[in-house]
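Student: Just dropping this structure here.
The values are calculated or read from the model by the stated rules, or taken from the named source; none is laboratory data. Since the structure is predicted, the reported quantities are computational estimates derived from the model, not experimental observations. Ideal geometry is used to build each Cβ from the backbone, glycine not excepted, and the neighbour counts take in all protein chains shown.
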Amino acid sequence: MMGIGFPELMIILVIIMIIFGAGKLPEIGSAFGNSIRNFKKSMKEAEEAEDGAEVKDAVEAGAEANDPAEANEEETKPPEDSVPSSPESQAK
């Protein structure tokens, strides 16, 4: 089987130390950690943005479908042109 155990991991680390040197290992480790942290952060932001968009769409669709009072109110309003703007225009 292809399991990586402790002996295999030690061999990989020794090879990495030989290639890069002991001084570069902390830099490589911190760069790798920052990369993983940024990846997780971007994935979390993408999920939140997707969830937010879905909630917004659902709220807008629900508001349009579930608000018959607003639709009736718009139908019963007279047009703005027919409403007199001042008391003087009512007297004429």
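One line per residue, one yes/no per condition, for (1) at pLDDT 80 or above; (2) within 30 Å of Ile18 (Cα to Cα); (3) surrounded by 10 or more Cβ atoms within 10 Å (Cβ to Cβ):
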site: Phe32; (1), (2), (3): yes, yes, yes
site: Glu47; (1), (2), (3): yes, no, yes
site: Glu50; (1), (2), (3): yes, no, yes
site: Ala53; (1), (2), (3): no, no, yes
site: Glu60; (1), (2), (3): no, no, yes
site: Glu88; (1), (2), (3): no, no, no
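Student: Could you list, in sequence order, the residues of segment 20-30 that are surrounded by 10 or more Cβ atoms within 10 Å (Cβ to Cβ) and assigned to a helix (DSSP H, G or I)?
Tutor: Result: Phe20, Leu25, Glu27, Ile28, Gly29, Ser30.
Student: Lys92 versus (1) surrounded by 10 or more Cβ atoms within 10 Å (Cβ to Cβ); (2) of a type in the set (Lys, Arg); (3) at pLDDT below 60: which is the lone unmet condition?
Tutor: (1)
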